[in-house]
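Okay, structure first, notes after.
The values are calculated or read from the model by the stated rules, or taken from the named source; none is laboratory data. Bear in mind the structure is a predicted one, so any value in this text is a computation, not a measurement. With ideal geometry, Cβ positions are generated from the backbone for all residues, glycine too; neighbour counts draw on all protein chains shown.
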Amino acid sequence: VIVDDDDDSDEGRLIRLDVDDRSAQDLGAVRGGVGMTVSPDATRLFVTHGGPDSDRGNEIEISISSASRPVQETLAASEVIVLETGERTAVSDEPSIWAEWAPDGSALAVLQPVSQGARWLIADESGLRELGTMQATPTFLRNYLFFSWQYVESPRIWAPDADAIVYAAVEAGIPGIYVHPLTGERVRVSDGDVAFFAPRPDGATAPPA
């Protein structure tokens, strides 16, 4: 998936390219800076950008290879797009500075800025909920958050079983590593500035039977 920019405006188009037959599929508009990450099964795309244009409607007609079809327009600043159809689902009206799919693709961990730091949100089939707020450590902020969309396929904040995330945060002026279960309170596990989960040795994404 690439962004085809319009030099005369802040609007671009998301284009899905098939590297085998060179065919192109228009996935609709994006505006401003764009960050994105593909789901583990390669069927969905999380994208964050400048958000919708309030002066335009939700449907426009575009032409691809002489065939016109409706393309769903921008719904929110953070969205999930089905790659096969271009269908969009709004995740949040706010832009995101980090997003990572759970190893099994069942959920997204999304980080958004707030006045006193940042907040972790979990998006899954039941909706969007806040997991908690944190103040990023200087090392995580400087070396990872500033380059989050370059690193997006590498870090692993998710536990292999998709039941918790890990992150480094400053609490009472002291940096530390926290494991935050999806269904409980975060737990400080050690000192540190940056942390990621190691994958399961067998590559599985669910607990062994």
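Here are the numbers:
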{"quantity": "Hits in segment 43-53 - residues which are at pLDDT below 90 and surrounded by fewer than 18 Cβ atoms within 10 Å (Cβ to Cβ)", "calculated": "G50, D53"}
{"quantity": "Within segment 154-179, considering residues that are surrounded by fewer than 15 Cβ atoms within 10 Å (Cβ to Cβ) and of a type in the set (A, V, I, L, M, F, W, C), the one modelled with the lowest pLDDT", "calculated": "A172"}
{"quantity": "Among (1) over 14 Å from the mean Cα position of the chain (by Cα); (2) not in a loop (DSSP other than H, G, I, E, B) - the single one L111 does not satisfy", "calculated": "(1)"}
{"quantity": "R156 in contact with a Gly (Cβ under 8 Å, 6 or more places away or on another chain), outside any helix (DSSP H, G or I) and not aromatic (F, W, Y)", "calculated": "no"}
{"quantity": "In segment 19-31, the residues that are within 26 Å of A77 (Cα to Cα) and either of a type in the set (D, E, K, R) or without any contact (Cβ under 8 Å) to a residue 40 or more places away in the chain (or both)", "calculated": "D26, R31"}
